[in-house]
There are 2 protein chains.
Amino acid sequence: MDDFSEIKKYVAKHIQLTEKEESYFVTQVRITKIKKKEFIVRPGYTCRFRSYVVKGAMRAYLVDSKGQSHTIAFAIEDWWISDMNSYLNQEPATLFVEALEDSTLIQLDYLSEHRLLETIPKFERFFRIVSQRSFAFLQRRMLSNLSKTAEERYDEFMQKYSAIANRVPQYALASYLGFSTEFLSKIRNKKSK
Amino acid sequence: MDDFSEIKKYVAKHIQLTEKEESYFVTQVRITKIKKKEFIVRPGYTCRFRSYVVKGAMRAYLVDSKGQSHTIAFAIEDWWISDMNSYLNQEPATLFVEALEDSTLIQLDYLSEHRLLETIPKFERFFRIVSQRSFAFLQRRMLSNLSKTAEERYDEFMQKYSAIANRVPQYALASYLGFSTEFLSKIRNKKSK
DNA sequence: GGAATTTCCTAATCTACTTCATTTTTTATC
DNA sequence: GATAAAAAATGAAGTAGATTAGGAAATTCC
């Protein structure tokens, strides 16, 4: 079991590669180990990679003009993360992407991705499927934010993503769900009675 | 200038088709005319199409348990719309998709899309790009909702999408931005002074 | 072109959630 | 394992935005 076995399985869920293609794919990515609290993306610097989490937990967030943080995404094992606006358009990032735990990532460079798409067009399909799913996911989240109360969103998240909720700090979860950390405390306190 | 000329241009922005391929593409879609206030998607029925707006204005929204509407998307000329969760997974819709004006749509059926992807793999690339852009768009909207006040979101929308804001009813705009129609009135009233 | 329906406005009251300030608990570090 | 630093809890006071209810404009439609 090398570090690539997980991502190979992940890719194989969506497209079938020959052994040669799989080997080529592996040459186009790199493994990065990162310590808790370190960043792989910072505002102002162009995001060069999309990152697949082999092990660990990551968080992407925006710091607004008042200094408050807003979490746009979490990623644990088998999820992707990056500042997609920065990566896709190769323009300066607006987000921080930070490790919440010591983590192992597989990173795909922007140029490598394009080489990969040229060389193995099946990856067009792969990234089509991945981004369609991401879109559908985000649309559900958006609707949840528009239509539910803070407590309802909390309940929903705990039910669907308890694996994430139990691993990330509470301030990060609150800022993902769209309310203050104090209010999350209140919700939890209320429930524990 | 037939009804297909716009969508052909749209496709050509992302992929290059031969004349034959372009003709084949056109055989896989259909044109639908729809009157204001009619629906192309309703909760409970599986969404069979993704729809490109040739002319008109559309709105996708959720009606929550309290009977309130929440707009997840608008589409005017040159935009796509559908209930993506329903369409991609071919499961019952949760959304309404309604015409805000008499509209002309080009609709791509789920099965036709898959035939198209088999026959002309370049469309894998096309839909990859389209959905990546949709994802990036939605992520910016989500961040805006998490980090800005109602009035700031209104200002941002008016600046970026005044073409949409000026064509849709105010209750629809308010429910897209995530606040009540009364509050939108208040914001507008305040600005007119 | 007049009635009906839908959309929009206004203003008072209300509430879900924020902000601020302090304390307690947990985690990291040498 | 003591000390520092970060995270979480608690409670009081404040506010952005919701709700309710009424009426005024627009639109639609026969």
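Assorted remarks:
- Taking segment B:3-12 as the range and being in a helix (DSSP H, G or I) and either of a type in the set (Asp, Glu) or under 15 Å from residue B:118 (Cα atoms) (or both) as the test, only B:6 passes.
- Some residue of segment A:182-192 being under 17 Å from the mean Cα position of the chain (by Cα), within 16 Å of DNA strand C (Cβ to nearest atom) and either crowded, with 17+ Cβ neighbours inside 10 Å or at pLDDT below 95 (or both): no
- Residue in segment B:160-181 that is farthest from DNA strand C (Cβ to nearest atom), counting only those that are in a helix (DSSP H, G or I), without any contact (Cβ under 8 Å) to a residue 24 or more places away in the chain and farther than 18 Å from residue B:79 by Cβ: B:174
- Checked against (1) over 18 Å from the mean Cα position of the chain (by Cα); (2) assigned to a helix (DSSP H, G or I), residue B:135 meets all criteria but (1).
- Among the residues of segment B:61-70, none qualifies, meaning not one is within 9 Å of the chain's Cα centre (by Cα) and touching a residue at least 24 places away in the same chain (Cβ under 8 Å).
- Sole exception among (1) under 19 Å from the mean Cα position of the chain (by Cα); (2) within 16 Å of DNA strand D (Cβ to nearest atom); (3) β-branched (Val, Ile, Thr) for residue A:104, by number: (2)
- Among the criteria (1) more than 16 Å from DNA strand D (Cβ to nearest atom); (2) basic (Lys, Arg); (3) facing chain A (nearest Cβ under 9 Å), the one residue B:148 does not fulfil is (1).
- Among residues of segment B:175-193, those that are within 15 Å of DNA strand D (Cβ to nearest atom) and either more than 11 Å from chain A (Cβ to nearest Cβ) or charged (D, E, K, R) (or both), counted: 13
- Here residue B:162 passes the criteria (1) under 30 Å from residue B:28 (Cα atoms); (2) surrounded by fewer than 14 Cβ atoms within 10 Å (Cβ to Cβ); (3) among the small types (Gly, Ala, Ser) except the one numbered (1).
- Residue list for segment A:72-124, restricted to those being in contact with an Asp or Glu (Cβ under 6 Å, 6 or more places away or on another chain) and aromatic (Phe, Trp, Tyr): none
- Set B:126, B:135: member being under 27 Å from residue A:93 (Cβ atoms), at the interface with chain A (Cβ under 8 Å from one of its Cβ atoms) and of a type in the set (Phe, Trp, Tyr): B:135
- All conditions in (1) within 12 Å of chain A (Cβ to nearest Cβ); (2) touching a helix residue (DSSP H, G or I) at 6+ places or on another chain (Cβ under 6 Å) hold for residue B:118, with the sole exception of (2).
Yes/no per residue for (1) within 11 Å of chain A (Cβ to nearest Cβ); (2) surrounded by fewer than 19 Cβ atoms within 10 Å (Cβ to Cβ); (3) away from DNA strand C (no atom under 16 Å from the Cβ); (4) in a loop (DSSP other than H, G, I, E, B):
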{"site": "B:33", "(1), (2), (3), (4)": "no, yes, yes, no"}
{"site": "B:36", "(1), (2), (3), (4)": "no, yes, no, yes"}
{"site": "B:40", "(1), (2), (3), (4)": "no, no, yes, no"}
{"site": "B:43", "(1), (2), (3), (4)": "no, yes, yes, yes"}
{"site": "B:51", "(1), (2), (3), (4)": "no, no, yes, no"}
{"site": "B:54", "(1), (2), (3), (4)": "no, no, yes, no"}
{"site": "B:61", "(1), (2), (3), (4)": "yes, no, no, no"}
{"site": "B:66", "(1), (2), (3), (4)": "yes, yes, no, yes"}
{"site": "B:71", "(1), (2), (3), (4)": "yes, no, no, no"}
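- Given (1) among the hydrophobic types (A, V, I, L, M, F, W, C); (2) assigned to a loop (DSSP other than H, G, I, E, B); (3) within 16 Å of DNA strand D (Cβ to nearest atom), index of the condition residue B:15 fails: (3)
- Scanning segment A:73-84 for residues that are within 13 Å of chain B (Cβ to nearest Cβ) and either surrounded by 23 or more Cβ atoms within 10 Å (Cβ to Cβ) or of a type in the set (A, V, I, L, M) (or both) yields A:73, A:81, A:82, A:83, A:84.
- Meets criteria (among the aromatic types (Phe, Trp, Tyr), in contact with a Pro (Cβ under 7 Å, 6 or more places away or on another chain) and modelled with pLDDT of 95 or more) for residue A:87: no
- When residue A:142 is tested against (1) within 11 Å of chain B (Cβ to nearest Cβ); (2) over 21 Å from residue A:82 (Cβ atoms); (3) in contact with a helix residue (DSSP H, G or I) (Cβ under 8 Å, 6 or more places away or on another chain), exactly one condition is not met: (2).
- Test: residue in segment B:85-107 that is assigned to a helix (DSSP H, G or I), of a type in the set (A, V, I, L, M), touching a residue at least 24 places away in the same chain (Cβ under 8 Å) and within 11 Å of chain A (Cβ to nearest Cβ): no
- Every listed requirement among (1) surrounded by fewer than 21 Cβ atoms within 10 Å (Cβ to Cβ); (2) within 15 Å of the chain's Cα centre (by Cα); (3) part of a helix (DSSP H, G or I) is met by residue B:127 save one, (1).
The values are calculated or read from the model by the stated rules, or taken from the named source; none is laboratory data. Everything numeric here is computed off the predicted structure, so don't read it as measured data. Here Cβ is always computed from backbone atoms with ideal geometry, including for glycine, and neighbour counts include all displayed protein chains.
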